[in-house]
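What follows is a short report on a single structure.
Readers should treat all values here as calculations from the given coordinates under stated rules, not as data from a laboratory. None of the values given here were measured: they were computed from a predicted structure. Here the Cβ positions follow ideal geometry from the backbone for every residue, glycine too, while neighbour counts run over all protein chains shown.
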Amino acid sequence: MLNEVLGHLVTTPNGIYVDGTLGGGGHAEKILERLSPQGTLIGIDADADAIQEAGKRLKRFQSSLQLVHDNTSYIADILRSKQITAIHGLLLDLGVSSFQLDEASKGFSFRGDERLDMRMDRRQSLDAHAVVNTYDAESLANIIWKYGEEKQSRRIARTILKRREISPINTTGQLASIIESTVGGRFLTKTLARVFQAIRIEVNNELERLQNILNESLGLLAFGGRIVVISYHSLEDRIVKNFFNTCAATSIPSGNKFQPDTPRVPELKIMTKKPIEAGEVEQSMNPRSRSAKMRVAERI
């Protein structure tokens, strides 16, 4: 959905834009190509390796680019430190990037056999190894159900606890093997993806941080500036949808049919009545895009 992102995000080539999920720098590169010499892109990522790799890829744009190794949930502080009071666009391409999935040592993928990690920011202490080896059965099951929407969450959690009584679960391959022994069947790959996703969300506190980013971004957007969010599962998309709807509302329901609603001045205009989804060609070329939903809102 690259063309859709660019078409909605870059409204003025002289503007200041933020890529809050820099990753390998793919989106950032195309945004920078659309900016004039007076335009600026600030690329933020909690992953130091992503910052380094994106810096190499985007070297030719040095005069228009600022890279920040930090968590985007601190976006207000980040921009304040750069004496930036307003931006013209914010892009959030949520979840784990292809760059991170392809780097086996980060322990995001169930297809390898690397140490359980899943930290986007290696400076934090909590990692997937700690979640898998120290959380009790109820906590594990709740995480797998809430963040992965996996129906067999309790069975998987019980098996994890039984296995770690014998020895610690140290690698992604060991965890995948435990899940396979528990569920098996034709839907194994989807179950693996859901469980690994759930643990990753817990490790990185992704949903709470997403809400924080959205809350802080509202006061940073210039009038006419836009927020573009690409989400990959229903929990993320629900947070974005609810935030946009709340900020675009023209009244606050009274909750009582005998009392009128309270009028309010909306802060956002929703630009996508329904989320934009990848076309068939893109889905065939990039399977990850099959679950992608893009929502856009404009500051008014």
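Considering only PHE108, PHE61, PHE244, the Gaussian network model of the chain with Cα springs below 10 Å gives its largest mean-square fluctuation to PHE61. Amide H contacts for LEU268 (H built 1.01 Å from N in the peptide plane; partners 5 or more residues away or on another chain; cut-off under 5 Å): ALA248, ILE300. Summing Lys, Arg as +1 and Asp, Glu as -1, what charge do residues with Cβ under 11 Å from the Cβ of PHE187 carry, PHE187 excluded? Combined, the nearby Lys, Arg, Asp and Glu give +3. Among 129-140, 195-206, 219-230, sorting by the average number of other beta carbon atoms lying within 10 angstrom of each residue, highest first, gives 195-206, 219-230, 129-140. Cβ crowding within 10 Å ranks THR72, THR272 as THR272, THR72, fewest other Cβ atoms first.
The relative contact order of the stretch 109-204 comes to 42 percent, based on Cα pairs under 8 Å that sit 6 or more residues apart. Can you give the angle from 0 to 90° between the axis of helix 137-148 and the longest principal axis of the chain, with both taken from C-alpha atoms, to the nearest 10? So the inclination is approximately 40 degrees.
Looking at the chain alone, DSSP beta bridges between its own residues are antiparallel in about 40 percent of cases.
What the Cβ-Cβ distance of GLN52 and SER254 gives, at R0 = 51 Å and to the nearest 0.05, is a FRET efficiency of 0.45. Working note: Karplus 6.51/-1.76/1.60 with θ = phi - 60° gives the stretch 216-223 the couplings 6, 5, 4, x, 9, 6, 5, 4 Hz, where Gly and Pro are set to x. Partner lysines whose Cα lies under 19 Å from the Cα of LYS274, excluding those fewer than 8 positions away in the same chain, are identified as LYS241, LYS293. Summarising the amide proton neighbourhood of THR171: residues at separation of 5 or more, or on other chains, whose placed amide H is nearer than 5 Å comprise LEU116. With contributions of -39500 (n - 2.57) from each DSSP H run of at least four residues, the per-residue ellipticity at 222 nm computed over the chain stands at -13000 deg cm²/dmol. Using Cβ point charges alone (K and R +1, D and E -1), the dipole size of the chain about the Cα centre works out to roughly 560 debye. Relative contact order of the chain, taken over Cα pairs closer than 8 Å and 6 or more residues apart, is 17 percent.
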